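To keep things clear, I will list the structure first and then write my remarks on it.
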Amino acid sequence: MVARYLPGDIVARRKGFVMHKGIALGGDRILHNTPLRGEHVSTEAEFRQGQPMHVRHQERINRLRTLHAAEAHPRRGYNLFTNNCEHTVTRAATGKAESPQLVSWGAGIGVGALAFALTRHPAAAVAGFALGKQLVKNDGID
């Protein structure tokens, strides 16, 4: 079953180990950002790719602001580090492009690498990775 959403709400689906995020535009349209197509509009079915969809509902004023920003800004190409799907969503929702998942993964890898360098034990690296990912606050759709 598809979660109900309104134009301007943030939507997400599982994509491997991360959540792929987009902005509901209304009329079965989702703005999102992918490596092959950059920022573009797809149908809900194309966005979901058979996966369950999660919704972060926003208050009306935030939905309107997000929707206006999503429709007004020029489309950009994809870059994992500077313009991935989360950058697209946070830029429209808050005015500042950020990727909490990318920061979380970076922290996990950094702490895991440090733990391995200090102990030379794979289990310490795994524990360090898990700890590092937990140290970074995420936005609730993960």
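Loop-only GluC sites (Glu not before Pro) in the range 28-95, please: DSSP not H, G, I, E or B, and at most 13 other Cβ atoms within 10 Å.
On the way: sites: 39, 44, 46, 59, 71, 86; in loops: 59.
Here the GluC sites (Glu not before Pro) that fit, given the DSSP loop and packing criteria, are 59.
Using a 10 angstrom Cβ neighbour count of at most 10 plus a DSSP loop assignment to flag exposed trypsin sites (Lys or Arg not before Pro), which longest range of the chain is free of such sites? Answer - 5-95. Straight-line cross-link partners of residue 133 among the aspartates and glutamates, defined as a Cα under 14 Å from its Cα and at least 8 positions apart when in the same chain: 142.
Along each principal axis, taking the top coordinate minus the bottom one, the Cα set of the range 60-142 gives 51, 27, 15 Å in descending order. Residues whose amide H comes within less than 5 Å of that of residue 34, counting only those at least five positions distant or on another chain, are 39, 40 (H built at 1.01 Å from N in the peptide plane).
Quick one: Debye curve from the C-alpha atoms of the chain, no solvent, what's log10 I(q)/I(0) at q = 0.09, 0.11, 0.22 Å⁻¹? Listed by q, the Debye log ratios stand at -0.31, -0.44, -1.29.
Just so you know, all these numbers are worked out from the coordinates, no wet-lab data involved. Keep in mind it's a predicted model, so treat the numbers as computed, not measured. Using ideal geometry, Cβ is built from the backbone for each residue, glycine included, and neighbour counts are taken over all protein chains shown.
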